[in-house]
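Engineer: Mind having a look at this structure? Questions to follow.
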Amino acid sequence: MPWTDKPGSGNKGPWGQQPGEGNRPSNGNGRRPGQSAPDLEELLRSGRERFRKGGGGKRPPRSGDPIQLPSGRAFLFGAAALGVLYLASGIYQIQPGERGVVTTFGKFTGLTGPGLNWHMPWPFQRVVDVDVQGDRAVTIGRGQGGRTSMLTSDLNIVDVDMQVNYRIKDDADTAPGELPNAAKFAYNIEDPTGLVKSAAEAALREVVGGEEFGPIISRGRSIVNEGTADILQQTLDSYDSGIQVIRVNFGEATPPQEVRDSQLDVVNARSDAEQRVNVATGYANQRVPVARGQARQTVLDAEAYAARVVAEARGDAARFVDIYDEYARAPEVTRRRMYLETMEEVLGDMNKIVIDENAGGTMPYLNLNELARQDQNRRANTGGSN
């Protein structure tokens, strides 16, 4: 049955047009000939009615038709989908060795560890990934394609080369309530590499400026490393940067190319002089204790000899006094005993020939060869002493 023949259709088409209007061509402005411009209030009212009833969209819209707003169910579905996508945008992943620094409206609110995490999407929260375990390095001097010239305390110029290794501090020593070092690194300093490089160069200039040219050239590594590391760490701590200096590697210090030969001759001469002084000092340190020990030993020997001689003299004096007392009590007996003891001591080790003066006119015979042989044997047995 045609639409116009249905009861209540008013002989109009399904879209409210008069009979025969459906095939009329449009006039180029979205309306058919004889059709007036749509009323804005009518369009809004029609849209609200369609939205309330959940209808509309039964056919594709045509030009000149009233504007159709989405149905309530479709709108809710689209809003839910957008909400899910918005919340899903807060999912992020932290790699091993990193920490996520979370801020809410620009204020630090916590750290997140490795793995999948979620934060409230922009504009509520923001996350910055920070590598807390990796080592970083900056180079000063020729390693960066140029040269860094510095002035020593004796107003000489040296070209230096140094590398600094650093990392983010461990939070084990962080006081309760203090900002974590990863957050300090992420937000307290804008350019960590530039800060470390500038602070390291300033610390190196301070150390080099406090030393003379010779020691810097000859013993620069031992002089610079420790002093520069201490000053650099103090500077970074003053900025509350959360950076820990691991090591400072001082490469070399050389004079400028224009005066290198002459200054190296001076340095070599000073080094030779210092070496000779050190050798002489070492020899003196070795010989002086030996000489002092020998002198002490000589003194001790002299003291021992003096004590022995004094003791012997006192013993001889005491023995003489005892002999005198005995002699005073019996002079003849004492004299005879002393004579016999003396003769025994004198003649004890000698060859002796006793001749009796009362033997008459008999000529005594002395075997000199036998006496000489006995004397040689006696000397050999006694070591040649009488």
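Engineer: Given the condition in a helix (DSSP H, G or I), of a type in the set (Asp, Glu), out of contact with any Gly (no Cβ under 7 Å at 6 or more places or on another chain) and over 30 Å from Gly106 (Cβ atoms), answer yes or no: does some residue in the stretch 272-279 qualify? Walk me through it before giving the result.
Structural biologist: From the stretch 272-279, those in a helix (DSSP H, G or I) are 272-279; that's our starting set.
Subset that is of a type in the set (Asp, Glu): 272, 274.
Among the residues that remain, those that are also out of contact with any Gly (no Cβ under 7 Å at 6 or more places or on another chain) are: 272, 274.
Still in the running and over 30 Å from Gly106 (Cβ atoms): 272, 274.
Checked against the condition, which is being in a helix (DSSP H, G or I), of a type in the set (Asp, Glu), out of contact with any Gly (no Cβ under 7 Å at 6 or more places or on another chain) and over 30 Å from Gly106 (Cβ atoms), the stretch 272-279 yields at least one hit.
Engineer: While we're here: Of all residues in the stretch 135-148, which are modelled with pLDDT of 80 or more and either part of a loop (DSSP other than H, G, I, E, B) or within 27 Å of Pro215 (Cα to Cα) (or both)? Before the answer, list the steps.
Structural biologist: Keep residues of the stretch 135-148 that are modelled with pLDDT of 80 or more, which gives 135-140.
Asp135, Ala137, Val138, Thr139, Ile140, listed by residue number.
Engineer: Scan the stretch 153-181 residue by residue and report those that are among the aliphatic types (A, V, I, L, M), modelled with pLDDT of 80 or more and not in a strand (DSSP E or B).
Structural biologist: Answer for the stretch 153-181, where residues must be among the aliphatic types (A, V, I, L, M), modelled with pLDDT of 80 or more and not in a strand (DSSP E or B): just Leu155.
Engineer: Can you tell me how many residues in the stretch 245-300 are at pLDDT 85 or above, of a type in the set (Val, Ile, Thr) and under 25 Å from Ser222 (Cβ atoms)? Quick ask: steps written out before the conclusion?
Structural biologist: Taking the stretch 245-300 and keeping what is at pLDDT 85 or above, we get 245-249, 272-300.
Applying the additional criterion that residues be of a type in the set (Val, Ile, Thr) yields 245-246, 248, 277, 279, 281, 288, 290, 298-299.
Imposing the further condition that a residue be under 25 Å from Ser222 (Cβ atoms) reduces the set to 245-246, 248, 277, 279, 281.
Residues in the stretch 245-300 being at pLDDT 85 or above, of a type in the set (Val, Ile, Thr) and under 25 Å from Ser222 (Cβ atoms): 6 in total.
Engineer: Tell me which of these Ser262 doesn't satisfy, since it passes every other one: (1) surrounded by 14 or more Cβ atoms within 10 Å (Cβ to Cβ); (2) hydroxyl-bearing (Ser, Thr, Tyr); (3) assigned to a helix (DSSP H, G or I).
Structural biologist: (1)
Engineer: Still on this model: Of all residues in the stretch 64-92, which are modelled with pLDDT of 75 or more, surrounded by 11 or more Cβ atoms within 10 Å (Cβ to Cβ) and farther than 14 Å from Met120 by Cβ?
Structural biologist: Within the stretch 64-92, Ala74, Phe75, Leu76, Phe77, Gly78 meet the criteria.
Engineer: For the stretch 227-258, how many residues meet the condition of being out of contact with any strand residue (DSSP E or B) (no Cβ under 8 Å at 6 or more places or on another chain) and not small (Gly, Ala, Ser)?
Structural biologist: Let us first name the residues in the stretch 227-258 that are out of contact with any strand residue (DSSP E or B) (no Cβ under 8 Å at 6 or more places or on another chain), namely 227, 230-231, 234-235, 237-241, 257-258.
With not small (Gly, Ala, Ser) added as a condition, the list becomes 230-231, 234-235, 237, 239-240, 257-258.
Looking only at that region, the number is 9.
Engineer: From the residues in the stretch 230-245 that are part of a strand (DSSP E or B) and out of contact with any Lys or Arg (no Cβ under 6 Å at 6 or more places or on another chain), which one is surrounded by the fewest Cβ atoms within 10 Å (Cβ to Cβ)?
Structural biologist: Among residues in the stretch 230-245 that are part of a strand (DSSP E or B) and out of contact with any Lys or Arg (no Cβ under 6 Å at 6 or more places or on another chain), the one surrounded by the fewest Cβ atoms within 10 Å (Cβ to Cβ) is Val245.
The values are calculated or read from the model by the stated rules, or taken from the named source; none is laboratory data. This structure is a prediction, so every number in the text was calculated from the model and none was measured. So basically every Cβ, Gly included, is an ideal-geometry build from the backbone, and we count neighbours across all protein chains shown.
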